[in-house]
Amino acid sequence: MTLLDSARLLVILAGAFMVALDFFIVLVALPSIASETAATPGQLQLIVAGYGIANAAGLIAGGKLGDLFGRRQMFLGGMALFGATSVACGLATSGLMLVLMRFAQGASGALLHPQVLALLGLNFPGAKRARAFAAYAMAMGLAGVMGQVLGGALIEIDFAGTGWRSCFFINAPIALVAIVLATQLLERDPPSTQGRRIDVWGMVLTAASLTCLIVPLTYGREALSGLWNIGLLVASAVLFVAFMLSQRSRSMAKLSVMIPPELVSVRLFRLGVGTVLVFYAGIASFYFVLGLHLQATLGASPLGSGLVFAVLGAAFFAASMGGAAIGRTLKRPLVEMGALVLIVGHVAQALVASRGLGIAAMLVPLLIEGAGIGLIMAPLVSLALSRTPPQHAGVAAGILSTMQSTGNALGVAAVGLSYIAGLWLPADVQSAHARFAGALGFLAVLALAVWYLARRIRVEAAPAA
């Protein structure tokens, strides 16, 4: 890549890095947020999952808007909104206010993130494309880990008495610099050849279905009755069916649709985004329970917790950088191999937790887990988007990003049903270790599912190749 390519890549990746960072940076700040704002356990879950809900609900729409009105314009608008809503999060004075601002921040990220993948695909053709997607995956992975380190450091430094609020304020200067550079480095999109009519009904159904799915698994457990929660889950399924029927009828009538039929009819694309959903559900919930286990059970400080995550990040970075060479040497598919490594790491970590051991004993399993994540992430993104028609680059990126964000929210919600429910109640340390070990067993099953799905993609792609 030329120097201009590298500069353009950094500016584009800043959008993905910020959106991913802000899902994870808040994890290490949860105890501080709870102490200062008196946030309830349900609100704490929505501070994390609510961001993912709003993000997931709007990503396909954000990608479609990029296809229609220009990826550069939507990138700049999304970056500006994300910076503004981040400041609003930092100014929140109660748990409820922070939940609402996190929903707004997630929606802003939904406009920004799909433009990142679309711009990468369109600005870096040929061999550059694979390197650009590898850099994207590395940025996403490092954002997850650096969120813990950076969040812990910011809380520990407590600049101007801002404490956990600085975890949000830091986005504002980054967004401002990215906007200035993007206006100089990113070229304007060519005029769209598609009609500019938007499937508003599809957007509403998607957002409503995802919201009805996540709320009962998080805040609804505390604030709503069992009947209400069951009703929301049923409504989620009904709304999803209505969305699918709406898409089919609009397609037959030659009207604009949220998801083009020629895109989702490709089975390998469906398998790819399904694998992304399962993978990110496992990663988000792993980071979530690990951060809480380190602080709430083992008594680590926010900075100390962040430094433990740095061990995970170091292994991730090394595996990401050396993944291609490892694959060529061993002649094995990286995603499948990474999933098996991740299973070994989770099982080893569960054995450590079941014995009630401390942070020192966790470090070796963390290295194995980080390596497994690093081997999977970069090739998985490229694999999922490898058969995307160029004219649908934005909506395809939105679908992939939706799977990432939905996986994040579902993963945190699923673990919350068992782990968080007991974490805030009086319990001895040994039972907390047992809950962590149980969560790791669940994560090992998800990693096994990633291995199976990746193998199916390889087997079915072989005849086409």
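At a glance:
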quantity	calculated
Calculated from backbone phi, Karplus (6.51, -1.76, 1.60) coupling profile of the range 395-412 in Hz, x at Gly/Pro	5, 5, 5, x, 5, 4, 5, 4, 5, 4, 6, 5, x, 4, 5, 5, x, 5
Where only C-alpha atoms are counted, convex hull volume of the range 292-377 per residue in Å³	83
Inter-part distance where the range 331-356 and the range 99-156 are each reduced to a Cα centre, Å	25
Globularity index of the range 258-297, i.e. its alpha-carbon radius of gyration over 2.2 N^0.38 Å	1.81
Full-extension gain in nm, Glu460 to Leu357, via 0.36 nm per residue minus C-alpha separation	32.7 nm
Whole-percent carbon and sulfur share, accessible surface of the chain, 1.4 Å	72
Full-extension gain in nm, Val177 to Val238, via 0.36 nm per residue minus C-alpha separation	17.6 nm
Volume per residue that the Cα convex hull of the range 232-385 spans, once the total is divided by residue count, Å³	159
The chain: relative contact order in percent, alpha carbon pairs under 8 Å with at least 6 residues between	25
log10 of Debye I(q)/I(0), alpha-carbon scatterers only, for the chain at 0.07, 0.14 Å⁻¹	-0.32, -1.44
Computed accessible area, Leu81, all protein chains, 1.4 angstrom probe, square angstrom	90
Rounded accessible area of Glu36 (nearest 10 Å², 1.4 Å probe)	110
Low-density loop cleavage sites - trypsin sites (Lys or Arg not before Pro) in the range 116-201, where at most 14 other Cβ are within 10 Å (DSSP)	Arg188, Arg196, Arg197
Calculated P(r) of the range 55-187 - Cα pairs past 21 Å, %	48
Kirkwood Rh and Cα Rg combined as Rg over Rh, evaluated for the range 72-116	1.05
Computed label-point distance, nm, for sites Leu245 and Ser35 using a 7 Å Cα→Cβ extension	5.3
For the chain: accessible area per residue (Å², 1.4 Å)	39
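The values are calculated or read from the model by the stated rules, or taken from the named source; none is laboratory data. Just so it is clear, the model here is predicted, and its values are computed rather than measured. FYI the Cβ positions are ideal-geometry reconstructions off the backbone, even for glycines, and counts take in every protein chain you see. With ligands, DNA and RNA removed, areas are computed over all heavy atoms of the protein, side chains included. Shrake-Rupley method; radii C 1.70, N 1.55, O 1.52, S 1.80 Å.
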